[in-house]
Amino acid sequence: MSSRTKRAVQHHSTAGTRGRRLGAILAAVVAVAALVGIILYAVLNRNQAVPGAATTAAPILPPPLSVGSQAPPFTLRSPIGTFSSSQLAGTPYLLELFATWCPHCQRMTRVLREIRQIIPPSRLAMISVTGSQYASTSTPDQLVPENQADVDVFEAAFHVTWPTFFDPDLSIAKSWGLNGFPTIFIVNAKGTIVYVASGEVPAATLLRAIKKAGA
């Protein structure tokens, strides 16, 4: 092979290597730019999530009260009358903050029905209270305020057998705290919170906490 040919081959090889390196650098730059774009999109739209989307995001509320805290008093009004926490004095109870649009809350109704079958109301009171301002009929283009009719549909669709309340002002969520749906509190007969959890909770876990509450 002549010197001229060798130089041509070497030049071609060097050019090819540089081309591959340049291509790799450009690909990395594109990937980083795409990632930055995704992050920016998420940040800009994080407060625009709606119930119709696959999300358990809760409204901006204080974090849940911790175990050992005294349960705040509350009063709830429903089409069948007024309910007050004073009616639970001396009785352990489970309080669930839920959203009608939340799939985790919908699945938790099965677990809570199981709890209700095992432990009668005389030993453990159970109540569910809405903690979202949006109804299950909301869409990304149209946010529908939560309402009593939506709660009634939820009760019927998921065979709820314990008191469920529509809280239009989110008064319970504001005083008890919330960081996801559902958020569950278990309170003993003295009014002390003995268990707090967010998300889907197995029946066995709840039963252990309920036993700790003295039910």
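Values computed for the structure shown
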item	result
Some residue of region 176-199 being part of a helix (DSSP H, G or I) and touching a residue at least 40 places away in the same chain (Cβ under 8 Å)	yes
Residue among 93, 134 that alone is within 15 Å of the chain's Cα centre (by Cα) and of a type in the set (Phe, Trp, Tyr)	134
Lone unmet requirement of (1) surrounded by fewer than 20 Cβ atoms within 10 Å (Cβ to Cβ); (2) closer than 17 Å to residue 79 by Cβ for residue 154	(1)
The one condition in (1) in contact with a Leu (Cβ under 9 Å, 6 or more places away or on another chain); (2) within 17 Å of residue 94 (Cα to Cα) that residue 132 fails to fulfil	(2)
Subset tally (residues that are in contact with a Leu (Cβ under 7 Å, 6 or more places away or on another chain) and in a strand (DSSP E or B)) for region 83-95	3
Complete set of residues in region 73-86 that are surrounded by 13 or more Cβ atoms within 10 Å (Cβ to Cβ) and more than 27 Å from the chain's Cα centre (by Cα)	none
Selection count where residues are at positive phi and of a type in the set (Lys, Arg), scope region 89-130	0
Residue list for region 96-115, restricted to those being closer than 15 Å to residue 153 by Cβ and part of a strand (DSSP E or B)	98
Extreme residue, nearest to residue 187 (Cα to Cα), among residues of region 62-72 that are touching a strand residue (DSSP E or B) at 6+ places or on another chain (Cβ under 8 Å) and surrounded by 12 or more Cβ atoms within 10 Å (Cβ to Cβ)	71
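Read-outs throughout are calculated quantities, based only on the coordinates presented, and are distinct from any laboratory measurement. Just so it is clear, the structure is predicted and the values come from calculations on it, not from any experiment. Glycine gets a Cβ as well: all are built from the backbone with ideal geometry, and neighbour counts include every protein chain shown.
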